[in-house]
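Undergrad: Submitted below is the structure of interest, expressed as structure tokens.
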Amino acid sequence: MTDTEFDFRVELILKNDKNGLREIYQCYGKVIYNIMLDIVKSPQDAEDLTSDFFLKLWDTAGQYRKGTGHKRYLTVMAKNLALDFIKKRRHETPSLDDEEAGHKEQQDSMRVDRRCDWKAHLRGGFEAAFRGRKGYPEHEAWNGYDIS
């Protein structure tokens, strides 16, 4: 996607047209996921952060300055989101002693239980997150949209 094409997609987002976000996702969804995965090292967290990234892109599209290089903009935004996640997690992670080790194992097993196909996760996450937002019609969800 060229800078001009990206600028056009951002204009669509600013007009509350979800097709702009959809097209950016189609082009950069896997790249953003891989950036997240490279930083956080967890597929589940990378999936969640990828969803958060595209929601943030929708919400902050007005802050993008045309002609500044969209690939760098997306990469920096993704890296910052992942690094903020790691910083937040680091502050929330208690030190483990023998009593807490069992609790950690229980949390890890719950995390595995929560795993799902990331494409379905993103589709459901987008639908739920955009439902009720201005410019996102209730009857138009991501049904039939191929995220692959």
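Undergrad: When only residues in the stretch 62-95 that are under 18 Å from Val31 (Cβ atoms) and aliphatic (A, V, I, L, M) count, which is surrounded by the most Cβ atoms within 10 Å (Cβ to Cβ)?
TA: It comes out as Ala78.
Undergrad: Would you tally the residues in the stretch 23-45 being in contact (Cβ under 8 Å) with a residue 60 or more places away in the chain and buried (at least 19 other Cβ atoms within 10 Å of the Cβ)?
TA: 3
Undergrad: Inspect the stretch 70-78 for any residue being closer than 18 Å to Asn19 by Cα, in contact with a helix residue (DSSP H, G or I) (Cβ under 7 Å, 6 or more places away or on another chain) and among the hydrophobic types (A, V, I, L, M, F, W, C) and give the result as yes or no.
TA: yes
We did not get these values from a lab; they are worked out from the coordinates using the rules stated. Quantities reported herein were computed from a predicted structural model and do not represent experimental measurements. As a convention, Cβ positions derive from the backbone with ideal geometry for all residues, glycine included, and neighbour counts pool all protein chains shown.
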